[in-house]
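Dropping the structure in here first, questions after.
The values are calculated or read from the model by the stated rules, or taken from the named source; none is laboratory data. Keep in mind the model is a prediction, meaning the values are calculated, not measured. Positions of Cβ are generated from backbone atoms using ideal geometry, with glycine treated the same way; all protein chains shown enter the neighbour counts. Surface accessibility is based on the protein's heavy atoms, side chains included, excluding ligands, DNA and RNA. Shrake-Rupley method; radii C 1.70, N 1.55, O 1.52, S 1.80 Å.
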Amino acid sequence: MGPVHHELAGEPTFAPMIQIDMEIKTFVSAWRHCDYVSTYMARMISQNRSDSVRHSNLFSSAFNELLEVAFRTRHADGELACRVSRHGATDRIELTFPCVPEERQFYEEAVSQVAGSEVRERYLNSVSGDLAPSREVVLLELAIDYNATFRLDEAGADTITLVVDLPLEGLPN
């Protein structure tokens, strides 16, 4: 799988930093792959941040959560592409992975809910048990705790790209 490029009108240019591609079958063969990939990528991109240890910990935690959401794919073939780019204080994660139509619908709905004005209320309801727990909680948590923004791009017939911007360098201690 080649590099993933997204350029929207008026959007700042994000400089590519690192990308890891692997067969989805290999990725979903062991849960620990989420931790391995997130830890490695966090260490690679955090070296030039003002507090590299803090940045690495925050990035690894957020990225691991996203990988765990992708880990639950029910599509057995294809590739997972994990790309990290940067613009100023914001790191962009682009996860491209195979996705069955039902999962695509989940991601479309979850991303639209995370972008909605009731994100904090939805998150509090989700963690308090008023709503059935779902993978949406992870996205809501990243939006609330990390000030993450989300976009979903179609990368192919059975493939999507989840684009997540994390302004970690600007988060309060």
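Hey, does region 107-118 have a residue that's touching a helix residue (DSSP H, G or I) at 6+ places or on another chain (Cβ under 7 Å), more than 22 Å from S61 (Cβ to Cβ), at pLDDT 85 or above and not in a loop (DSSP other than H, G, I, E, B)?
no
Here's a follow-up. Just one of V163, V100, V138 is at pLDDT below 90 and either aromatic (F, W, Y) or under 11 Å from the mean Cα position of the chain (by Cα) (or both); which is it?
After ruling out the rest, the residue left standing is V138.
Farther than 21 Å from L139 by Cβ and either surrounded by 18 or more Cβ atoms within 10 Å (Cβ to Cβ) or modelled with pLDDT of 95 or more (or both): which single residue out of S85, S46 fits that description?
Answer to the selection: S46.
Considering each residue of region 133-162, count those that are among the hydroxyl-bearing types (S, T, Y) and open to solvent by less than 20 Å² (accessible area, probe 1.4 Å), and give that number.
1
While we're looking at this one, here's another question. If I ask for residues that are closer than 27 Å to P172 by Cα and either acidic (D, E) or modelled with pLDDT of 80 or more (or both), which ones from region 119-135 would you list?
E121
Just give me the residues in region 1-25 being modelled with pLDDT of 90 or more, open to solvent by less than 50 Å² (accessible area, probe 1.4 Å) and closer than 16 Å to F63 by Cβ, in sequence order.
F14, I18, I20, M22
Would you call R49 part of a loop (DSSP other than H, G, I, E, B) and basic (K, R)?
Spelling it out, R49 is indeed part of a loop (DSSP other than H, G, I, E, B) and basic (K, R).
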